[in-house]
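S.K.: Below are the structure tokens for one structure; questions will follow.
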Amino acid sequence: MTGAESESFVGRPIVRREDPRLLTGRGQFVADLTLPHMLHAVFVRSPLAHARINSVDLSRAAAAPGVVFALSGAELLKILPPIPDTQLSLPRKWTKLVPHRFANPQQPLLAHDKARHVGEALAVIVAESRYAAEDAVSLVGLDLELLPAVVDAESALGPGAPTIHEQLDTNLIGEFTIGKGDVDAALARSPHRLKRRFYHHRYAAAPMECRGVVGAYDTRTGSLTIWSATQVVHWVRREAAAILRLPEARIRCVALDVGGGFGLKGHVYPEDVLIPFLARTIGRPVQWIEDRREHLMCSCHSRDQLHDVEVGFDGEGRITALRDHFIFDCGAWNPVGAGIPYNTAAHLMGPYRIENLAVKGRIAATNKVPNAPYRGAGRPEAAFAMERIVDLIAGTLGLEPAEVRRRNMIGAGEMPYRVGIPYRDGEPIVYDSGDYPGALQQALDAIGGIAAFRQRQRKARQEGRFFGLGIGCYVEGTGVGPFESATVRLDPSGKIHLSSGACPQGQGMETIFSQVVADMWSVTPDDVIVSLADTAAVAVGFGTIASRSTVTVSAAVHHASERLRRKVFAVGSNLLECAAQDLELRHGSVGIVGVPGAEVTLAQVAAAARPGWDHARPQGVDAGLEETYYYEPPTVTWAYAVHVAVVEIDIEVGGLTIEQYVVAHDCGTVINPMLVDGQVVGGAAQGLGGALFEELRYDAKGQLLTGSFMDYMVPTACEMPRLCLVHLHSPSPLNPLGVKGLGEGGAIAPPAAIANAAADALSPFRAEFNATPIRPEQIVAAVRGGGG
């Protein structure tokens with residue numbers, strides 16, 4: 001950057017440029033899309049969790065008023081193949097390093113042999129209106145042979161369990177091991193050992209907007225347009241092209257405004273392919289909009305892990321060895337393979353120095369909704385197990401939990417720190433920068449310090465009140481590959497046009513990337529045009545998952561801009577009759593360094609670079625001013641945070657009130673502080689919801705018991721405490737801007753911090769909270785039973 005360094009837009013709390021349209025009702029979501037002659041699809045979904053499909057009779061439904069088309073899974077199987085077995089493959093480098101075995105089944109677009117969870121689609125009805133389609137669904141005759149269901153992952157792996165996928169002859173559809181050192185020997189030498197079982201329950205993203213897809217087929221060009229509420233438009237295009245046997249050039253996928261995703265919309269669902277297939281088959285646009293009941297019953301859930309942990313430690317609380325055997329309940333299908341459970345394993349050690357580690361992860365199929373990433377994607381489960389273990393070590397030795405953390409934390413002077421196991425990109429995990437003890441201290445200082453809290457806690461107990469302090473720490477690999485794209489173009493108007501494969505769902509990407517581009521080109525954010533979430537805007541892209549877009553897109557923009565700037569300077573030097581190395585960018589112009597007024601505007605440069613007669617390009621410079629760069633990260637950057645919760649518990653009714661909540665976090669270079677705060681607060685709200693309120697519960701027959709917001713409780717403003725945010729800054733050395741990912745972080749630590757705070761508050765009763773969510777009845781039982 002030259003000429004405008006004192007006017008940097010990176011680091012400013014600029015108001016989101018998306019907000020005027022979204023706050024005034026001018027946003028457009030997929031449900032708002034209306035096309036001429038558009039039809040509406042509704043799915044026939046299984047009422048049983050596990051059943052043999054003997055027949056699906058669509059005759060009465062097909063003859064119902066307004067119905068245009070009806071299709072069963074058995075009929076579709078003759079036309080289209082299933083979705084590939086895994087959409088997020090692991091690199092060869094990882095497969096060579098990590099012992100593993102995976103046998104992912106392929107999910108059909110419509111079930112044809114068996115229903116494997118309540119809500120699985122068995123057929124589809126397409127009608128002139130949604131009302132007509134819904135009415136016709138009630139006329140479908142289902143002949144389903146009830147089979148025994150299994151809804152517990154541990155039971156699914158036991159002898160005699162019903163098999164979900166008979167062709168595999170097992171419900172164990174994946175397993176892997178990683179480790180370092182000699183855990184058995186280290187445990188044998190350890191002065192102290194303890195074992196605990198931890199369960200992180202099943203819940204989900206519950207975004208404001210459910211899923212939805214519109215498909216339209218152009219008979220003239222033989223091309224499809226797909227509008228999907230997705231985080232990965234290029235993935236959708238890829239899978240649709242493969243299954244529908246079309247060139248990718250004949251498919252365009254667009255994500256309009258998307259009302260939240262949080263990972264739930266971060267892979268390709270059967271509906272993403274089936275709806276455009278129906279549009280092509282019928283010859284009219286088709287729309288499907290998911291309702292909330294469908295969403296809770298059919299869209300992917302998350303979490304749901306069972307951990308058996310053993311830890312060895314010395315008399316000062318220093319961890320000598322850690323073993324974890326855990327089971328990941330993937331539900332009936334496993335759309336992203338080992339991504340979540342390996343995330344758990346890779347993040348288990350957190351910010352701590354642990355020389356001996358052994359982790360075994362197993363993936364179990366059950367008769368529940370498939371499990372896929374949701375904000376944190378395996379990390380909250382790891383943090384819950386690790387942070388509870390640290391508090392249990394402290395309790396065993398009679399030490400302050402914060403002090404045990406300090407004794408085990410990797411220090412700032414040890415950075416970069418080699419952890420000793422591979423990340424899921426196959427590269428060795430190296431914590432690139434940070435000050436973990438510093439973050440812990442700043443978070444504790446923000447609540448007034450431990451000594452003052454303990455004094456207050458003791459006094460309150462004398463009065464019959466129970467306060468607790470809980471800490472949750474984590475590290476997070478962010479900005480993972482394999483790549484992301486950016487095309488930077490100088491528009492004839494002189495504005496800078498950026499297009500990328502990233503797909504926003506409310507993060508403020510248009511604002512953030514306009515700030516980044518503005519600094520690189522010495523213009524204002526208003527001079528930057530941002531085009532995202534459209535496969536027509538950039539040929540190849542990856543999408544927005546895994547806290548990666550700010551890291552990967554900003555780096556791609558940087559490299560594309562560097563290339564384009566050289567060409568701009570070449571044209572500018574021809575116009576100004578000077579050497580290119582004497583030029584700088586300043587306030588929307590290219591000028592000679594140290595010579596005020598000797599400049600040409602970017603619009604003039606764009607005009608000079610055009611093709612055709614009378615251009616002003618120097619010899620050897622091609623026409624046009626556009627560059628595309630595909631940034632391939634060498635590995636991930638490592639963000640981190642410390643959450644501290646102060647709670648009060650009413651032991652009579654089990655009520656838990658959060659009095660204080662502090663987050664000290666580090667995301668490297670901060671591009672927009674206001675949006676950073678919003679990401680942290682929003683993530684914390686979802687994490688607290690998972691700790692205390694949200695739960696997807698099934699009965700023994702696999703029936704979902706929390707299928708509406710009457711039963712599935714999301715936190716509201718009334719339940720949210722006021723958060724105190726502390727910002728730390730340790731720029732990453734791995735990318736040009738020094739940024740680290742942020743989107744998932746806030747949701748990772750709250751379950752651990754709240755569980756630790758509850759256990760601390762009820763330590764006179766020897767209470768432990770080793771499973772989520774923490775319910776009032778569990779608190780009362782722990783008090784009355786002298787433990788929990």
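The values are calculated or read from the model by the stated rules, or taken from the named source; none is laboratory data. Nothing here was measured: the structure is a model prediction, and the numbers come from that model. Neighbour counts are summed over all protein chains in view; Cβ atoms, including those assigned to glycine, are modelled from backbone coordinates with ideal geometry. Only protein heavy atoms, including side chains, enter the accessible area calculation; ligands, DNA and RNA are left aside. Shrake-Rupley method; radii C 1.70, N 1.55, O 1.52, S 1.80 Å.
S.K.: For the chain, what % of the accessible area comes from carbon and sulfur atoms, probe 1.4 Å? Numbers along the way, then the final one.
M.R.: Details: 15020 of 28780 Å².
The value for the chain is 52 percent carbon and sulfur by accessible area.
S.K.: So if each residue of separation counts as 0.36 nm, and I subtract the Cα-Cα distance between LEU77 and GLU355, what length gain in nm does that give?
M.R.: Values: separation 278, 0.36 × 278 = 100.08 nm, distance 5.13 nm.
Length difference between fully extended and current span is 94.9 nm.
S.K.: Based on DSSP H runs of at least 4 residues, each adding -39500 (n - 2.57), what is the mean residue ellipticity at 222 nm of the chain after dividing by all its residues, to the nearest 500 deg cm²/dmol? Display every interim value, and only then the final one.
M.R.: Numbers: 21 runs with 221 residues, N = 788.
Counting only the DSSP helices, I get -8500 deg cm²/dmol.
S.K.: Could you compute the FRET efficiency for VAL653 and ASP699, with r as their C-beta to C-beta distance and R0 at 25 Å, rounded to 0.05? Can you show the working numbers first?
M.R.: Working: r = 26 Å, r/R0 = 1.05.
Once the sixth-power term is evaluated, E becomes 0.40.
S.K.: To continue, here is another question. Calculated FRET efficiency, ASP491 and ALA623, Cβ-Cβ r, R0 25 Å, to nearest 0.05? Spell out each step's value before the answer.
M.R.: Details: r = 15 Å, r/R0 = 0.59.
Plugging the Cβ-Cβ distance into 1/(1 + (r/R0)^6) gives 0.95.
S.K.: Still on this structure: If the convex hull of the alpha-carbon atoms of the range 659-781 is projected onto planes in all directions, what is the mean projected area in square nanometres?
M.R.: Numbers: hull surface 41.8 nm².
About 10.4 nm², averaged over all directions.
S.K.: Could you give log10 I(q)/I(0) at q = 0.21 Å⁻¹ for the range 148-251, computed by the Debye formula over C-alpha point scatterers of equal weight, without solvent?
M.R.: Calculated log10 I(q)/I(0) at the listed q: -1.09.
S.K.: Here's something else I'd like to know. Dipole size in debye (nearest 20) for the chain around its Cα centre, Lys and Arg Cβ +1, Asp and Glu Cβ -1? Mind dumping the intermediate values first?
M.R.: Details: 73 positive and 85 negative charges, 169 e Å.
Using only the charged Cβ atoms, the result is roughly 820 debye.
S.K.: I want the antiparallel fraction of DSSP beta bridges within the range 294-381, as a percent rounded to 5.
M.R.: On the way: 9 of 19 bridges.
Here the antiparallel bridges make up roughly 45 percent for the range 294-381.
S.K.: Okay, next question. Rg/Rh for the chain to two decimals, with Rh computed the Kirkwood way over all alpha-carbon pairs.
M.R.: On the way: Rg = 27.7 Å, Rh = 27.8 Å.
Taking Rh as the inverse mean 1/r over Cα pairs, Rg/Rh reads 0.99.
S.K.: How are the alpha carbon pair distances in the range 264-365 distributed across 10 Å bins from zero to the largest one, expressed in percent?
M.R.: Taking all Cα pairs of the range 264-365, the binned fractions are 12, 31, 23, 16, 10, 5, 2, 0 percent.
S.K.: Starting from the Cα-Cα distance between ARG775 and ASP169, subtract it from 0.36 nm times their residue separation and give me the gain in nm to one decimal. Numbers along the way, then the final one.
M.R.: Working: separation 606, 0.36 × 606 = 218.16 nm, distance 3.74 nm.
Length gained between ARG775 and ASP169: 214.4 nm.
S.K.: Please grab the % of Cα pairs in the range 545-688 that end up more than 19 Å from each other.
M.R.: Working: 6981 of 10296 pairs.
The share of Cα pairs beyond 19 Å in the range 545-688 comes to 68 percent.
S.K.: Could you name the lysines whose alpha carbon sits less than 25 Å from that of LYS78, not counting residues in the same chain fewer than 8 places away?
M.R.: In chain and number order, the partners are LYS114.
S.K.: Compute the convex hull volume of the Cα atoms of the range 1-147, divide it by the residue count, and report the result per residue in Å³ as a whole number.
M.R.: Numbers: hull volume 39.4 nm³, N = 147.
Each residue corresponds to 268 Å³ of Cα convex hull volume.
S.K.: Given the range 631-735, what percent of its DSSP beta bridges are antiparallel, to the nearest 5?
M.R.: Antiparallel bridges: around 65 percent, rounded to the nearest 5.
S.K.: Using a 10 Å cut-off on Cβ atoms, rank the peptides 110-120, 621-631 from the highest mean neighbour count down. Walk me through the intermediate numbers first.
M.R.: Values: 110-120: 23.9, 621-631: 17.5.
Descending mean neighbour count gives 110-120, 621-631.
S.K.: Here is a further query. Rolling a 1.4 angstrom probe over the protein heavy atoms, how many square angstrom per residue are accessible across the chain? Could the numbers behind the result be given before it?
M.R.: Values: 28780 Å² over 788 residues.
Accessible area per residue, the chain: 37 Å².
S.K.: How high is the relative contact order of the range 146-251? Use alpha-carbon pairs under 8 Å, at least six apart in sequence, and give a whole percent.
M.R.: On the way: 58 pairs, mean separation 12.9, N = 106.
That works out to 12 percent.
S.K.: Give me the mean projected area, in nm² to one decimal, of the convex hull enclosing the Cα positions of the range 320-402. Walk me through the intermediate numbers first.
M.R.: Details: hull surface 24.6 nm².
With the hull built on Cα positions only, its mean projection is 6.1 nm².
S.K.: Mind jotting down the distance between the C-alpha centroids of the range 311-380 and the range 496-557, whole Å?
M.R.: Centre-to-centre distance over Cα atoms comes out at 32 Å.
S.K.: Which of the lysines could a cross-linker bridge to LYS495, judged by Cα under 17 Å and excluding same-chain residues fewer than eight apart?
M.R.: Once the sequence-local lysines are set aside, what remains near LYS495 is LYS567.
S.K.: Right, another one. Of the peptides 204-212, 11-19, how do they stack up when ordered by the mean number of other Cβ atoms within 10 Å, highest first?
M.R.: Numbers: 204-212: 21.1, 11-19: 15.4.
In descending order of packing, they fall as 204-212, 11-19.
S.K.: Let me ask another. Distance check, please: which entries in LYS96/LYS180; LYS360/LYS701; LYS93/LYS740 exceed 27 angstrom between their Cα atoms?
M.R.: On the way: LYS96/LYS180 16 Å; LYS360/LYS701 29 Å; LYS93/LYS740 24 Å.
Violating the 27 Å limit, Cα to Cα: LYS360/LYS701.
S.K.: Report the Cα-based extents of the range 465-583 along its three principal axes, largest first, to the nearest Å.
M.R.: Principal extents (largest minus smallest coordinate, Cα): 78, 32, 26 Å.
S.K.: Still on this structure, I have one more. Any lysines with Cα under 29 Å of the LYS459 Cα? List them, leaving off those in the same chain fewer than 8 positions away.
M.R.: Output for LYS459: empty list, no partners.
S.K.: Using the Cα atoms of the range 98-191, I'd like the radius of gyration and the largest Cα-Cα distance, Dmax, both in angstrom.
M.R.: Final numbers for Rg and Dmax: 21.6, 72 Å.
S.K.: With 10 Å bins from zero, work out the P(r) of the range 299-351 over every alpha carbon pair and list the percent per bin.
M.R.: Spelled out per bin, shortest first, that is 20, 44, 23, 10, 3.
S.K.: Would you please put 284-291, 459-466, 60-67 in order of how densely packed they are, using the mean number of other Cβ atoms within 10 angstrom per residue and starting with the highest? Don't skip to the answer; put the middle values down first.
M.R.: Working: 284-291: 21.8, 459-466: 12.4, 60-67: 16.4.
Per-residue Cβ counts within 10 Å, averaged per peptide and sorted highest first, yield 284-291, 60-67, 459-466.
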